[in-house]
1. What's the percent breakdown of Cα-Cα distances in the stretch 248-330 across 5 Å bins, shortest bin first?
2. How much accessible area per residue does the stretch 231-334 have, in Å², with a 1.4 Å probe?
3. Let's test this: bin the Cα-Cα distances of the stretch 124-163 at 10 Å from zero up to the farthest pair and state each bin's percent.
4. So what's the angle, to the nearest 10 degrees on a 0 to 90 scale, between helix 22-37 and the longest Cα principal axis of the chain?
5. With a 1.4 Å probe and all protein chains left in place, how much of the accessible area of the chain comes from carbon and sulfur atoms, in whole percent?
6. Along the positive direction of the dipole of the stretch 273-332 (beta-carbon charges: Lys, Arg +1; Asp, Glu -1; about the Cα centre), which of Pro278, Asn303, Ser314 reaches farthest?
7. Mind checking the angle between helix 364-374 and the chain's longest principal axis? C-alpha axes, 0 to 90 degrees, to the nearest 10.
8. Compare Ile238, Ile144 by solvent-accessible area with a 1.4 Å probe and give them largest first, with all protein chains kept in place.
Amino acid sequence: MPAHDSSLRIIVTGLVGAIPVGGVAWDYLQYAVGLARLGHDVVYHEDSWIWPYHPIENQPVDTANYSVDYITRFFQTYAPELAGRWHYRHLGAESFGLSQSEFQNCAATADLYLNVSAANPIPPGLGSRCVTAFLDTDPGYNQIVLSERPSWSANIDRWAGEFHRYDRYLTYAENIGREDCLVPQLGVDWITTRMPIVLGLWGDRPPPPNASWSTVLTWNGFRGPLVYRGREYGSKDIEFAKIASLPGKTSARLKIALGGAAPLQSLATQGWVVVDAPSATLTPENYQEFIAQSRGEVSTAKNVYVAMKTGWFSSRTACYLAAGRPAVVQDTGFSKHISVGKGVLAFDTVDQASSAIDAVESNYHEHAAAAREVASEYFDSDRVLLRMLDAIFASD
């Protein structure tokens, strides 16, 4: 079935109700919006059984009110055509948006179940023609957990047992299968893809005077040791520590919006302007405004992405680019697939990061224009999603 020749009924999953903060909303809901704008009949679905996090109270809660209002506002603001096309199932007991029976009717007639991050189980009642797709947005981590089944991983037996029930497997690890990529392939054929950005939802106004280079990240490590073939892999904290001294190597102002158990005082002492990420990027609008108030992004990746040479590229960085903000980001091997040098500059060391910022500042307007061009060429939702659907529905 050529994806561009017919309208499909597509169920897109996510974790927006479970983690209602700005970056998470954009990570998942741009799939739903982008697919709908291609003319497909899209339903956003969430039934993760995760107690929703309340970012203002900074704790999990047993009520759905905040999460339901969050999802409602997003679609009303950014995609009114989807305002009645979502289903949030709260702790397996209550349905919001669509009723449970309305969602089941959609499931019975769906052509594609696109499980973004594979955080929601395959729902019962999918029709026989429905193609199920596992979309790995956390490469290396997911494959190691599925391969090694560590005892600290919640629900790993159910998740691993369901893994081989999917019809298609997609990943942000664009280097998977290459000789230098260490990500285990788990005996399946992976389709490589990347984050779709709905470019029309991102402005490109110039940054304000004295804007900082910035990033947004959560500092927390994994719940337990992530070990594969005798080697332990880490999260963002390991790699960011390598550029912690960056403020002392450049005249550019550097700001970081941090969540989790981060060493705030240490980073502030080294010259970073540190703000609270959940507060600074609480809503989708806050997230966009944080980026718009930035001069560019400077950031690292999770250690597992770098050490395994995954080729992963940050969905957050793609949003910076769409807003016309240059990005100086740690190379995970993505430079084999995405043009670097203008708009996007890749680094391996703190000195390379400093030099890259200086290079951008020496010709900022050219790099800002190039950032938007990179976003259009590599992350435009029309291009990314058409390619993804064609790969999913390609003849075996």
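The values are calculated or read from the model by the stated rules, or taken from the named source; none is laboratory data. Not measured: the values here are computed from a predicted model. Here the Cβ positions follow ideal geometry from the backbone for every residue, glycine too, while neighbour counts run over all protein chains shown. Areas reflect the complete protein model, heavy atoms only, side chains present, ligands, DNA and RNA absent. Shrake-Rupley method; radii C 1.70, N 1.55, O 1.52, S 1.80 Å.
1. Bin by bin from 0 Å, the calculated values are 3, 12, 21, 24, 22, 15, 3.
2. Normalised by residue count, the accessible surface of the stretch 231-334 is 32 Å².
3. Distribution as computed: 24, 48, 22, 5 percent.
4. Helix 22-37 and the main axis of the chain meet at about 50 degrees.
5. Numbers: 7520 of 15720 Å².
Taking all protein chains in place, the chain shows 48 percent carbon and sulfur surface.
6. After comparing all options, I get Asn303.
7. Approximately 20 degrees, to the nearest ten.
8. Accessible-area ranking of Ile238, Ile144, largest first: Ile238, Ile144.
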